[in-house]
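Colleague: What follows is a structure written as structure tokens; I'll ask about it next.
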Amino acid sequence: MCGVAGPIRKKNTIMNFYKLGLAAPILKALEREGYTVPTPIQAQAIPAVIGGSDLLGIAQTGTGKTAAFALPILNRLAEDDRPPLPGTCRVLVLSPTRELAAQIGESFRVYGHHLGIKIATVFGGVAYRPQIQKLARGVDILVATPGRLLDHVAQGKVSLAETEVFVLDEADQMLDLGFLKPIRDIVAHLPAERQNLFFSATMPREISKLAHDLLTDPVKISVAPAASTVDRVTQRVIHIERSNKLALLAALLDDPDASRALIFTRTKRGADRVARHLEAKEIRAAAIHGNKSQRQREQALGAFRRAQTRVLVATDIAARGIDVEGVSHVVNFDLPEVPEAYVHRIGRTARAGAVGTAVSLCDKDERKLLRSIERLTRQSIPSENRCNDGSLAAGKGNDRQQQGNNGRPWQPENSADAPQGTDRGKRQADPRSKRRRRKANSASGVAKNQGVNAAVDVQEQAPEKNATSAIKPRNRTGSNGRGQPEGRNDRRKQAANPSGAKPRSRAKHRNRKPGRQRVSAAVA
């Protein structure tokens, strides 16, 4: 479950959560989920938020940040259970992606199962009407992405004037996606008296400035240095040519230990291309990115959670919203252009106390990005060189041959050697084929010339036709000279045009001037 990652599960230790001052219904829900001991950020953040202070939390992904703000917020609503006003919300949580917003909303539902609070999740890619209907009745907790929330605010479907708690989750991802201005626009609609909770895995300069503008005397909690990686993740870099990355990726996934892998690409088109290549290799894979509909994204992520799909290929926009237990490998097919994204990518593995492996494929054009990542994380990542690997090049050649023939074995270029049932043989046998004309040998050219000369000789031996012999008399078989029976229409055409000349079109005849017609008649 998102937010409570890596708890230590022991029997009869629920008193640790009791010491944090949480309400009994919340403790009952935690006990039902099997969570007993809070994570470090939860143990430090929950008392501070219950006390009403603003909070600045810096922690690695997968350390339980969601529960660190969800549990004290639910405790506040449990103590003050007044209903929300229509068209308003009491708590606003901003999330950078649809997937993360959905997971945060589900976490609130799980932890607040016995409280009966109203929760709404608002993001793009789905219909407006169901969201508007929920907002019209008023909600206790509103989890939203910035773009769709601003749409509802602009249309007057929701008012933020009654918001008591404002949570900004994954602030550094908001910066990467260009959401800083929308966030400031949303903050302008919030009341001045509110509690602010600010969470981020990294702290770039712009995020530090935003935190300074939003927070008032915040409690600062940092359970790990900014931009540090999870210790339980084994990292390595493989230097490889760009053209051999697909072949190397397929070889890495042949490892039985890679039971569930998450592949990150830089572009949406690249994600689709990698997924298609893995499917061709009989590796169950699906792609998830911004061009996919919300239903497609949910189906792909659900199949990955249920282990129906072994490999999920994603872009950085979906990295924060993928919280799946049991991810054994994370592969950076493309190194991220933003170094901080590397921390979030590899944080998808080694969750809930497990171990994981992160492999980055680096070509010569990405070495600067690799150096930036190592400077940010303050470590030198172990590397190996697979450049000029003959086994990968051979495999790539076989892949091209299979893809070029739609999965059929390679066939020779000569049409005489190609089987007649294949498309290649049909193309070569077609005399209109450009390829056949380009590859015509001298013998076929000589035969063509001989055929042309023979046709000319036949034309020269044919009797010369004059105007009077253009119309042939009807023969005994009733043929019209074209191998077809002569009919009434043919006889009428011959009577109307005995000279056999091509008749003028009516359109041209109508367009002629009357004067020219008289002159032509006089000359005739």
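The values are calculated or read from the model by the stated rules, or taken from the named source; none is laboratory data. All values derive from a computational prediction rather than experimental measurement. With ideal geometry, Cβ positions are generated from the backbone for all residues, glycine too; neighbour counts draw on all protein chains shown.
Colleague: Is it fair to say THR216 is surrounded by fewer than 19 Cβ atoms within 10 Å (Cβ to Cβ) and assigned to a loop (DSSP other than H, G, I, E, B)?
Modeller: The answer is yes for THR216.
Colleague: Which is under 27 Å from THR377 (Cβ atoms), aromatic (Phe, Trp, Tyr) and free of Cβ contacts under 8 Å to residues at least 60 places away in the same chain, of PHE264, PHE304, PHE333?
Modeller: PHE304
Colleague: For the stretch 149-158, does any single residue satisfy the condition of being farther than 20 Å from ILE46 by Cα, of a type outside the set (Ser, Thr, Tyr) and either in contact with a Gly (Cβ under 6 Å, 6 or more places away or on another chain) or crowded, with 22+ Cβ neighbours inside 10 Å (or both)?
Modeller: Yes, the conditions are met somewhere in the stretch 149-158.
Colleague: Specify the residue that is surrounded by the fewest Cβ atoms within 10 Å (Cβ to Cβ); the eligible residues are those in the stretch 338-369 that are in contact with a His (Cβ under 9 Å, 6 or more places away or on another chain) and of a type in the set (A, V, I, L, M).
Modeller: Here the residue is VAL359.
Colleague: While we're on this one: Any residue that is in a helix (DSSP H, G or I), aliphatic (A, V, I, L, M), at pLDDT below 85 and within 24 Å of THR267 (Cα to Cα) - is there at least one of those in the stretch 394-409?
Modeller: No, the stretch 394-409 has no match at all.
Colleague: Which residues, counting only those in the stretch 281-339, are part of a loop (DSSP other than H, G, I, E, B) and among the aromatic types (Phe, Trp, Tyr)?
Modeller: Of everything in the stretch 281-339, just one residue is part of a loop (DSSP other than H, G, I, E, B) and among the aromatic types (Phe, Trp, Tyr), namely PHE333.
Colleague: From the residues in the stretch 135-148 that are farther than 18 Å from PRO96 by Cα and not charged (D, E, K, R), which one is surrounded by the most Cβ atoms within 10 Å (Cβ to Cβ)?
Modeller: VAL139
Colleague: How many residues does the stretch 346-390 hold that are of a type in the set (Ser, Thr, Tyr) and either closer than 30 Å to GLU33 by Cα or outside the structural domain of VAL313 (by TED's automatic domain parsing) (or both)?
Modeller: 2
Colleague: Quick check on my filter: what residues within the stretch 118-134 are surrounded by 22 or more Cβ atoms within 10 Å (Cβ to Cβ) and among the hydrophobic types (A, V, I, L, M, F, W, C)?
Modeller: VAL122, PHE123 - these are the residues of the stretch 118-134 that are surrounded by 22 or more Cβ atoms within 10 Å (Cβ to Cβ) and among the hydrophobic types (A, V, I, L, M, F, W, C).
Colleague: Next question. Among (1) modelled with pLDDT under 95; (2) part of a strand (DSSP E or B), where does THR121 come up short?
Modeller: Tallying (1) modelled with pLDDT under 95; (2) part of a strand (DSSP E or B), THR121 fails exactly one: (1).
A quick yes/no check of all residues on (1) surrounded by fewer than 23 Cβ atoms within 10 Å (Cβ to Cβ); (2) within 21 Å of VAL338 (Cβ to Cβ); (3) over 12 Å from the mean Cα position of the chain (by Cα):
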{"position": "PHE264", "(1), (2), (3)": "no, yes, no"}
{"position": "ALA271", "(1), (2), (3)": "no, yes, no"}
{"position": "ALA280", "(1), (2), (3)": "yes, no, yes"}
{"position": "ALA286", "(1), (2), (3)": "no, no, no"}
{"position": "GLY290", "(1), (2), (3)": "yes, yes, no"}
{"position": "GLN299", "(1), (2), (3)": "yes, no, yes"}
{"position": "THR309", "(1), (2), (3)": "yes, no, yes"}
{"position": "ALA314", "(1), (2), (3)": "no, yes, no"}
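Colleague: If you take the residues in the stretch 174-208 that are among the aliphatic types (A, V, I, L, M) and in a helix (DSSP H, G or I), which one is modelled with the lowest pLDDT?
Modeller: LEU175
Colleague: Among the candidates PRO84, PRO7, which residue alone is at pLDDT below 90 and not in a strand (DSSP E or B)?
Modeller: Result of the check over PRO84, PRO7: PRO7.
Colleague: Check off (1) among the charged types (D, E, K, R); (2) at pLDDT below 95; (3) over 28 Å from the mean Cα position of the chain (by Cα) for GLU164 and give me the number that stays unchecked.
Modeller: (2)
Colleague: Only one of these conditions is not met by LYS134: (1) touching a Gly at 6+ places or on another chain (Cβ under 6 Å); (2) of a type outside the set (Ser, Thr, Tyr); (3) under 15 Å from PRO86 (Cβ atoms). Which number is it?
Modeller: The one condition LYS134 does not meet is (1).
Colleague: Residues of the stretch 78-100 being surrounded by 24 or more Cβ atoms within 10 Å (Cβ to Cβ) and in contact with a Gly (Cβ under 9 Å, 6 or more places away or on another chain), which ones?
Modeller: Across the stretch 78-100, the qualifying residues are CYS89, VAL93, SER95, PRO96, GLU99, LEU100.
Colleague: Quick test of your reading of the structure: SER259 fulfils all but one of (1) surrounded by 21 or more Cβ atoms within 10 Å (Cβ to Cβ); (2) out of contact with any Asp or Glu (no Cβ under 9 Å at 6 or more places or on another chain); (3) in a loop (DSSP other than H, G, I, E, B). Name the failing condition by number.
Modeller: That leaves (1) as the condition not met.
Colleague: Of everything in the stretch 166-194, what is crowded, with 21+ Cβ neighbours inside 10 Å and touching a strand residue (DSSP E or B) at 6+ places or on another chain (Cβ under 6 Å)? Give them in sequence order.
Modeller: PHE166, VAL167, LEU168, ASP169, ALA171, ASP172
Colleague: Could you tell me which of the residues LEU74, LEU85, LEU94, LEU100 is touching a Phe, Trp or Tyr at 6+ places or on another chain (Cβ under 7 Å) and in contact (Cβ under 8 Å) with a residue 12 or more places away in the chain?
Modeller: LEU74
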